[in-house]
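Trainee: For reference, the structure I am asking about is given below.
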Amino acid sequence: MFSVTHQLVSLDIDFERRAVKGVTELSVRAKAMESGLQKMRLHCDRPVVRSVSVDGQRCEFERVLAATRQRVLEKTLQLESDKDEGSLVVTLPEGLCVGDSAFKVRIEFYLVGPQTGLVFQRDTGTVYSDSRLWPGVARTWLPCVDTQHDRSTWDLFYTVPANVEISGIKLPVTVVSAGELTSLVAHPRDAARKVFRYVMSTATAACTLGFAAGPFASAAHVSAETLGGVFAFAPRGLQDEARAQCAFLGDALAFHAREVGAYPFRTFKAVFVAGLAEVITCASLVIAGTDVLHARGAAEAAYEARRVLGRAAAAQWFGAFVTAAASEDAWLVAGLAGHVAAAHVRHSLGANEHRLRLQRDMARLCHADVNQRPLSGAEGGGSARGDSARTAFVRLKAGVVLHMLDRRMVKGAPSLGLARVAAKALHAAEAGELLGSGGHAVGTAWFLRACRRVSGVDVQGFADQWIFGSGCPVFHLAHVFNRKKLAVEITVHQESTNARATAPWARAQVFRGPLTARIREADGTPYEHVLDISEPWRRFEVQFNTKYKRIRRSTKRFHQRQLLQDAADPGEDDQPAALLFGAESASAKRAWRAVEWGEADDESLASATFEWIRVDPDLEWACIVHFEQPAFMWAAQLQRDRDVAAQAEAVRALRRLPSAAASTALMRAVMDARVFYRVRVDAALALADLATERLGWIGLHHLIKIYKARYCLPNQAVSDDDEPLDAPRLPRPNSFTAIGEYFVQKAVLAALSNIRDRRGEAPAAARRVLLAALRYNDNSENPHPDAHYLACLARANANAVAASSRFASGAPAAHALAEIDRLRARDLLTPSAQNVVTCACLDAVTRLSLLQQPTQGVLNTALFAAAALNHAAPAVREKALAALLLHWGPLASEGARLAASVAADARSPRVAGTVARNLAQLLMLRAMAYGRQHSSLLLMDAEPGKGAPEHIDSPARLVGGLESLVDALADSPELRTAFASAVHDSALPDEPRRVLAAVHALVYQTVDESLPPPERLPRRRLKIRLMKPRGAEPLSSDSEDMPLALGVEDALPPAAKPQRRKYQRRQPLPATRPSTDAGDDPQTLSALPPIAGTRPPAIIVADASLNSPVYAAAVPPPSAVATTPSSAAAAQTPSIKLKLKLSKTTAPPPTTPTPKPPPPSTPSTPLSPPSPGHVSDTQAVDAATRKALHRVLRKLSRHPNAFPFSRPVDTVLDGCPAYYDVIKSPMDLATIKRKLEARSYSSPGQLEADVRLMLANCFNFNPPETPVYVMGEALQSAFEEEWARSGLADNMPHIARMSTGKRKSLSSSSLATSAMAPALSPPPPPPAPATTASASKRAKKIDQPSDTTEQPKLPPAAATPAADWQSLCARALLRLQAQPSALEFMAPVDPIKQGVPTYFDVIKSPIDLSTIRSKLLARHSYRSADEFRADVELIFANCFLFNTPSTYVHTQGEALKRVFETTWNRLGSVSDIPMDEKAYERARLLLAKLKRDDAAWPFLRPVDPVALGIPTYFDLVKNPMDFSTIQKRLAKKGYSHVAEFVADIQLVIDDCFLFNIPDTPVHDCGKAILALADTLLELDQWNSWLFAEVF
């Protein structure tokens, strides 16, 4: 409809308030066919728009927010399509001429505390844009047209403070942005601010914009012939490092300009930001982290910087300028950028480096391409936005696939291959001849056609396998020499990495194409043979070229002749040939223990028909090759083949074939300076695997001899051949001029630390060499830094000593720790680049401490805690925090406090993400150890008469350990609060929040239940149970004193039960609370309107020793509850006496920020606790009752919405200073748990009263519809269900509930069991609960229909007991709420929000499904099914009365009415079947078959909206259900009738159809499960309650 030709953007950035005020002006031109343009839509997701004007005239605008119903998923899918419409709708003024002339749209906006798009770093005074080369991010901080195809020129103004204060020092602020810097001036009205102006003259998309502002200093300016210049910016103090790492960028850009095409922009800028873990590529700009910056001469950093920055430079051509046409084409742009970057690696670092990198990338791809989606196509393609793992995989596979395609194009026809196609794509983009409105987008179809035109090779078959398919081939090859035919018979068997894949899109396929086999025959000539792979199994006959008579030769003479020839021929390199140890003296051979091939079996080489065979020598296949040939052939390939890929293959093969001759071959490779250094490194590491006692420690001997000969001073007293192996030597002074020798030296030391004997200990000779290398290291004459070398020595010494606990607690550990501590102290005085030495020392100490006893104190917690503070470097903090988590563990209060204070700290997102990952990994490791420790619990119960039970396998043992550990973790309130605080903190990045959400869901939401005990159902079941004696103090999961029982309800008899022991509380680490950001201060932000989604106040773990009030409720007798209004009103406000009891065993901490509430004796204001009818002392709290109370409380604590109630309210931290002025009787779950453990409850009713008091406080203090109020409603619904299920309320009078949770899973079984009394006669009205004023007003809006209204007749099934008809109503309601047509009737009508101000003038009796649900959950709201049906039909009557026919709501009402009539008639006409033991067994088998189906993967576990990236799931699905929840209810025998079980299966399918639109993978899985369930239920005639129709 319109296009933007130019856009001006002005941003005023406030670092302190984390706010941005902006103005943007768009030059818009209507298309020729749209002269009547009236409205225009722009993308503006997060910015708050203040005003919009068109050519100076103020105009109307509205924000069309993302739908909260079924169109949410459609909106997400449209983000990657042409249907992506903006959320800001601007109405153009009347009379505006929108012809050929352009008009300007001016928008004023602001943004406070952005969650996405912009990242503020308070510690470093930096802000940068988290840009991506795909739409979706730019719209979060700038109103624009954020699509891939709409391009315009840009004029960018940035107003920033002139200086920013960091650690008391004022530093000037620099802005680095996309475009070219044209001016830098002081602000005309504020001298303390300055304005940067950048101009982007090349038309680019909005998603390619980006900037970084902070105290940066210019580090480098490299002039180039083809562009205006290359600039580098870095934080002050890192200019030299940035200059060293960016020196190659000028050459890289010039190379790409020669090979591909002219640089599309004028300048190139690289800015380095602290704390950034990834690289952000923008148009003419790259934003990288400071981790890649190291001093000049650091070889490790040089290779990493070239890889990262080189790919970012190549992305300027393919990514920023040439973009992807659609989401399924994103792989092509990433692959072209990787292919161009690989060409520069080959040009600058050599072909050997390029081939080895390519070989390792292929190996990584083969192991990663399992259950992965294809690169492109309907099933897989799609962009990888928000998924870092998918992005990395697409980049890896796309580069490898394009290399394979290039090789096939070059071999198939004489052409320039893919380089010609890349240049053609760039030229077409410059001419505007590609796809998209600007002609800059390249698509997969266009690319394949271009490849065919350039090379003449049909690449469609290749594309079907590698681009539109998934997986990699696995080849099993075997060869046999046929002497009669003089041919080699090669058998090829093909498999796929997806052979055992479980994802529906990961299908195993047969890969087809030419596979090259190179045979080096006996005369030394390599012959290539092409094997046409087209079948899974095939045998090929390869003709031999050498005559058989020429094959036999003398092995020893031939071998020595080849060695002499190799020594005389220096090869391609100019380096001198080293000693080859093949023709030296006998004494040298004895000293080096050199063993030649053929000495043990002289006929093995003499009878060989060829020297070796190589499969795929040109790296044309990304495959796994299993090919076996004798070890001497691999050794010959290592020695004589000049291809580094062949040498690397030989090293890996010899590593798997240990022998003395193999060790000699590897030793020669390490000593030969002509061999590429990466091959020498692999050979040195392989020697550690050959250092075994069976081989006489020959690998250890060779490694020490190599180290002494190459890197130690000579021994003047004795010759090298006569020197004993354990004789000490001083290392040579460091000289890292030869980069290859430097890496080989590090590899030799690392290999020595990896050697182990049969006891798992490192040999003494290896430990002495490593300790001497660290102690006598001399870098005085070396021009290069030795930080990475020292880090390698520290880790190697720790690795050698930590091999055995005997060494870790003796003199070897003391010597190593002394040297490591000396190294750390030295690095503290003169820090190394990025603190690599300190990080290595912390790693070494951590590893040694894991094998020490806790009393030995190897790990200095004070030292590590100091290193974990905010002022330390991020890398040092990560190492220190990981060590403290390992030392304390997640179960201890110190570990939980540490996780709470760091994971919720948004000031350091990188550290928060690392701590989250460490915590998840630690939980997994502890679970594995727990499973091994308690493996005796995991038994398979034998069937009667089948003998003793048998042990299960290791994977199940680990799963059992995880389940047991999860049960133990669930009782940790500190860890639970830490999880909840971090997961719900919107200021944290996506990655740590996603990891913490996954662990939180595992521990507190999706804990699976065990099956029923075997005595009830003597079947073969896997049972994992961890029991402890009742009344005993809870123990840690790591305790060896944990009583273990298998299927025993009580481990000890009553007389032998131990008494309660009082444990001394360990002094915890002082809680480090994150400081409150200045930008979150209400006074600071008072000038701007509030914005939804700002960061909530941090939740800090309160000390368990804080005192809390203990109260006793005065309970009137049951007869005192009268039915008169006066007595009912009196019953609503019972008198409650509160008593404060001070704790004598524990004292509060020194600093308590929470003010203590006043000790009320009698509340002056009436509270709203539950009715006195709930509090009863008729039940004594025996052991069984206490166990049931613990179970109920544990379920409440695990609830997702329980974290606001997990601790006492802190008026300062929670931001509610008036809380204790309103709430006179505070209560929380921690106080309830403490009272329950102290046995302060004399009856179950007292605990129930405490829970209801806690919920009443929530409803009294928080207004309705607020987040905490909604969480309280959900928690109340959960409590009602658990309390009724526990059986503790059977002898208590029932009353109506105060409110209804909104997200509680409403199941037919829970509603059916909640109605206990038949509705034959109406019971006396119960006392009404106390409600807030707002709740009363809201209740008045809904006028219920009169009971005297004539109701329609019910189907014949209505003449059933109350539980039956209520179960029928519940199933019908579940069916209605799961329909897409019910979305308009879920909640009460809001006339203001929905734009229907006359609704209540027409509709006098409003009703909706949520109101019906609330009435159905209440015990006595409905007295018959007729009343329920009347309310449902009233919904339809109101709909048809207010909405005219053919309107959308009217149509939805008709559809829902048809569903209700069909459901009601079918459910009412079929007699229900009770659930007996046979029915339960049949239901379990049926559920197991459903879970084993390939389409059941989306329904196995509850939906986690955070982990799956669907935050609006519970806005649509009000009654979530899954197969694991059904399994839990089956295990607890929670179904009374078969119809309830079938209704839950129906609910799983209905929820799927409600949230997932048709033709999506999950929707198709739902259809498959529905068809399978209909077939399985039909066998038992249970399908009468299943609705197989999809409405």
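The values are calculated or read from the model by the stated rules, or taken from the named source; none is laboratory data. Note that the coordinates shown come from a computational prediction; the quantities given were computed from them, not determined experimentally. A quick note on method: Cβ atoms are made from the backbone with ideal geometry, for glycine too, and the neighbour counts reach across all protein chains shown. Each accessible area value is taken on the protein alone, full model and side chains, heavy atoms only, with ligands, DNA and RNA left out. Shrake-Rupley method; radii C 1.70, N 1.55, O 1.52, S 1.80 Å.
Trainee: Looking at this structure, is Lys411 surrounded by fewer than 24 Cβ atoms within 10 Å (Cβ to Cβ) and closer than 30 Å to Thr202 by Cβ?
Mentor: On the way: surrounded by fewer than 24 Cβ atoms within 10 Å (Cβ to Cβ): yes; closer than 30 Å to Thr202 by Cβ: no.
The answer is no for Lys411.
Trainee: Out of all the residues in segment 263-279, is one or more out of contact with any strand residue (DSSP E or B) (no Cβ under 7 Å at 6 or more places or on another chain), surrounded by fewer than 24 Cβ atoms within 10 Å (Cβ to Cβ), in contact (Cβ under 8 Å) with a residue 40 or more places away in the chain and closer than 25 Å to His440 by Cα?
Mentor: The answer is yes; a qualifying residue exists.
Trainee: Still on this structure, I have one more. Can we say Val492 is modelled with pLDDT of 90 or more, more than 30 Å from Glu259 (Cα to Cα) and either touching a Lys or Arg at 6+ places or on another chain (Cβ under 8 Å) or open to solvent by 10 Å² or more (accessible area, probe 1.4 Å) (or both)? First the steps, then the outcome.
Mentor: Values: modelled with pLDDT of 90 or more: yes; more than 30 Å from Glu259 (Cα to Cα): yes; either touching a Lys or Arg at 6+ places or on another chain (Cβ under 8 Å) or open to solvent by 10 Å² or more (accessible area, probe 1.4 Å) (or both): yes.
Judged against the criteria, Val492 is a match.
Trainee: Restricting segment 186-199 to residues that are of a type in the set (A, V, I, L, M, F, W, C) and modelled with pLDDT of 95 or more, which is surrounded by the fewest Cβ atoms within 10 Å (Cβ to Cβ)?
Mentor: Initial filter on segment 186-199 (of a type in the set (A, V, I, L, M, F, W, C)): 186, 191-192, 195-196, 199.
Narrowing further to those that are modelled with pLDDT of 95 or more: 195-196, 199.
Numbers: Val195: 18, Phe196: 22, Val199: 15.
Filtering first and then ranking leaves Val199.
Trainee: Sticking with this one: Any idea which of (1) open to solvent by less than 20 Å² (accessible area, probe 1.4 Å); (2) modelled with pLDDT of 85 or more is the one Pro1498 doesn't satisfy?
Mentor: All conditions are met except number (1).
Trainee: Let me ask something additional. Can you name the residue in segment 93-109 that is under 40 Å from the mean Cα position of the chain (by Cα) and surrounded by 19 or more Cβ atoms within 10 Å (Cβ to Cβ) and is also farthest from Arg29 (Cα to Cα) among such residues?
Mentor: Phe109
Trainee: Right, here's the next one. Hey, any hits in segment 175-183 for a residue that's of a type in the set (Ser, Thr, Tyr) and without any contact (Cβ under 8 Å) to a residue 24 or more places away in the chain? Reasoning before the result, please.
Mentor: Just the residues of segment 175-183 that are of a type in the set (Ser, Thr, Tyr), to begin with: 177, 182-183.
Next, from what is left, pick out any that are without any contact (Cβ under 8 Å) to a residue 24 or more places away in the chain: 182-183.
Within segment 175-183, one or more residues are of a type in the set (Ser, Thr, Tyr) and without any contact (Cβ under 8 Å) to a residue 24 or more places away in the chain.
Trainee: Give the residues of segment 303-326 that are in a helix (DSSP H, G or I), open to solvent by 10 Å² or more (accessible area, probe 1.4 Å) and at pLDDT below 90, sorted by residue number.
Mentor: If the condition is that a residue be in a helix (DSSP H, G or I), open to solvent by 10 Å² or more (accessible area, probe 1.4 Å) and at pLDDT below 90, then Tyr303, Glu304, Arg306, Arg307, Val308 are the ones that fit.
Trainee: Looking only at strands (runs of 3 or more DSSP E) that fall completely inside segment 175-251, which ones have 2 or more residues that are farther than 25 Å from Thr153 by Cβ?
Mentor: Working: elements: 180-186, 193-204, 211-214, 216-222, 229-235.
The strands (runs of 3 or more DSSP E) meeting that bar are 216-222, 229-235.
Trainee: When Pro1445 is evaluated against the numbered criteria (1) surrounded by 14 or more Cβ atoms within 10 Å (Cβ to Cβ); (2) free of Cβ contacts under 8 Å to residues at least 40 places away in the same chain, which criterion, by number, is the only one it fails?
Mentor: Answer for Pro1445: the failing condition is (1).
Trainee: Then there's this: Go through the residues of segment 695-714 one by one and say whether even a single one is on the phi > 0 side of the Ramachandran plot and assigned to a loop (DSSP other than H, G, I, E, B). Full working, then the answer.
Mentor: Filtering segment 695-714 down to residues on the phi > 0 side of the Ramachandran plot leaves 696-697.
Retained after the next criterion (residues that are assigned to a loop (DSSP other than H, G, I, E, B)): 696-697.
Yes: one or more hits.
Trainee: Can you find, within segment 1413-1456, the residue that is nearest to Glu1384 (Cα to Cα) among those that are small (Gly, Ala, Ser) and not in a helix (DSSP H, G or I)?
Mentor: Pass one, segment 1413-1456, residues small (Gly, Ala, Ser): 1414, 1418, 1421, 1424-1425, 1430, 1437, 1446, 1453, 1455.
So of that shortlist, the ones also not in a helix (DSSP H, G or I) come out as 1418, 1421, 1424, 1446.
Values: Ala1418: 24, Ser1421: 24, Ser1424: 26, Ser1446: 15 Å.
Result: Ser1446.
Trainee: Is it true that Ala419 is touching a residue at least 40 places away in the same chain (Cβ under 8 Å), part of a helix (DSSP H, G or I), closer than 21 Å to Ala320 by Cβ and open to solvent by 30 Å² or more (accessible area, probe 1.4 Å)? Before the answer, list the steps.
Mentor: Values: touching a residue at least 40 places away in the same chain (Cβ under 8 Å): yes; part of a helix (DSSP H, G or I): yes; closer than 21 Å to Ala320 by Cβ: yes; open to solvent by 30 Å² or more (accessible area, probe 1.4 Å): yes.
Yes: the conditions hold for Ala419.
Trainee: Which one of these does Tyr1535 not meet: (1) at pLDDT 85 or above; (2) part of a loop (DSSP other than H, G, I, E, B); (3) open to solvent by 30 Å² or more (accessible area, probe 1.4 Å)?
Mentor: (3)
Trainee: Right, here's the next one. How many residues are without any contact (Cβ under 8 Å) to a residue 60 or more places away in the chain and open to solvent by 40 Å² or more (accessible area, probe 1.4 Å) if we restrict to segment 1371-1416?
Mentor: 13
Trainee: Let me ask you something else. Can you tell me which residues in segment 142-173 are open to solvent by 30 Å² or more (accessible area, probe 1.4 Å), assigned to a strand (DSSP E or B) and either closer than 30 Å to Gly436 by Cα or touching a Cys at 6+ places or on another chain (Cβ under 8 Å) (or both)?
Mentor: Across segment 142-173, the qualifying residues are Thr153, Phe157.
Trainee: Can you tell me which of Asp616, Asp672 is open to solvent by less than 20 Å² (accessible area, probe 1.4 Å), more than 42 Å from the chain's Cα centre (by Cα) and acidic (Asp, Glu)? Spell out the reasoning first.
Mentor: Details: Asp616 fails: more than 42 Å from the chain's Cα centre (by Cα).
Exactly one residue qualifies, and that residue is Asp672.
Trainee: Let me ask you something else. Residues that are under 30 Å from Arg346 (Cα atoms), open to solvent by less than 20 Å² (accessible area, probe 1.4 Å), at pLDDT below 95 and under 35 Å from the mean Cα position of the chain (by Cα): does segment 213-221 have at least one?
Mentor: For segment 213-221, residues under 30 Å from Arg346 (Cα atoms), open to solvent by less than 20 Å² (accessible area, probe 1.4 Å), at pLDDT below 95 and under 35 Å from the mean Cα position of the chain (by Cα): absent.
Trainee: Can you name the residue in segment 237-262 that is more than 23 Å from Arg420 (Cβ to Cβ) and of a type in the set (Gly, Ala, Ser) and is also surrounded by the most Cβ atoms within 10 Å (Cβ to Cβ) among such residues? It would help to see each step written out before you state the result.
Mentor: Of all residues in segment 237-262, those more than 23 Å from Arg420 (Cβ to Cβ) come to 237-250.
Checking which are of a type in the set (Gly, Ala, Ser) leaves us with 237, 242, 244, 247, 250.
Values: Gly237: 8, Ala242: 26, Ala244: 21, Ala247: 16, Gly250: 21.
Result: Ala242.
Trainee: Right, here's the next one. State whether one or more residues within segment 10-18 are surrounded by fewer than 21 Cβ atoms within 10 Å (Cβ to Cβ), part of a loop (DSSP other than H, G, I, E, B) and at pLDDT below 95.
Mentor: Step one: filter segment 10-18 for residues surrounded by fewer than 21 Cβ atoms within 10 Å (Cβ to Cβ), giving 10, 12, 14, 16-17.
With the extra rule that they be part of a loop (DSSP other than H, G, I, E, B), the set shrinks to 16-17.
Now narrow it down to the ones that are at pLDDT below 95: 16-17.
So far as segment 10-18 goes, yes, one or more of its residues are surrounded by fewer than 21 Cβ atoms within 10 Å (Cβ to Cβ), part of a loop (DSSP other than H, G, I, E, B) and at pLDDT below 95.
Trainee: Follow-up question, since we're still on this one. Only one of (1) in a loop (DSSP other than H, G, I, E, B); (2) crowded, with 21+ Cβ neighbours inside 10 Å fails for Pro1264. Which number is that?
Mentor: Result: Pro1264 fails condition (2) only.
Trainee: Right, Lys1457: at pLDDT 85 or above and under 40 Å from the mean Cα position of the chain (by Cα) or not? If you could, list the steps in order and put the result at the bottom.
Mentor: Details: at pLDDT 85 or above: yes; under 40 Å from the mean Cα position of the chain (by Cα): no.
It is false that Lys1457 is at pLDDT 85 or above and under 40 Å from the mean Cα position of the chain (by Cα).
Trainee: Looking at (1) open to solvent by less than 60 Å² (accessible area, probe 1.4 Å); (2) at pLDDT below 90; (3) of a type outside the set (Phe, Trp, Tyr), which is the one condition that is false for Val474?
Mentor: (2)
Trainee: If you don't mind, another one. Can you tell me which residue within segment 19-52, out of those that are open to solvent by less than 30 Å² (accessible area, probe 1.4 Å) and not in a strand (DSSP E or B), is modelled with the lowest pLDDT? Walk me through how you get there before you give the answer.
Mentor: Let us first name the residues in segment 19-52 that are open to solvent by less than 30 Å² (accessible area, probe 1.4 Å), namely 19-20, 22, 24, 26-28, 30, 37, 40, 42-44, 47, 49, 51-52.
Next, from what is left, pick out any that are not in a strand (DSSP E or B): 37, 44, 47.
Details: Leu37: 71, Cys44: 90, Pro47: 91.
Here the answer is Leu37.
Trainee: Looking at segment 1486-1535, which of its residues are of a type in the set (Phe, Trp, Tyr) and more than 27 Å from the chain's Cα centre (by Cα)?
Mentor: Start the filter on segment 1486-1535 by keeping residues that are of a type in the set (Phe, Trp, Tyr), which leaves 1497, 1499, 1513-1514, 1523, 1535.
Listed by number, the list holds a single entry, Tyr1535.
Trainee: Please find, among Pro812, Pro783, Pro831, the residue that is at pLDDT below 90, touching a helix residue (DSSP H, G or I) at 6+ places or on another chain (Cβ under 8 Å) and outside any helix (DSSP H, G or I).
Mentor: Numbers: Pro812 fails: outside any helix (DSSP H, G or I); Pro783 fails: touching a helix residue (DSSP H, G or I) at 6+ places or on another chain (Cβ under 8 Å).
That would be Pro831, the only listed residue that is at pLDDT below 90, touching a helix residue (DSSP H, G or I) at 6+ places or on another chain (Cβ under 8 Å) and outside any helix (DSSP H, G or I).
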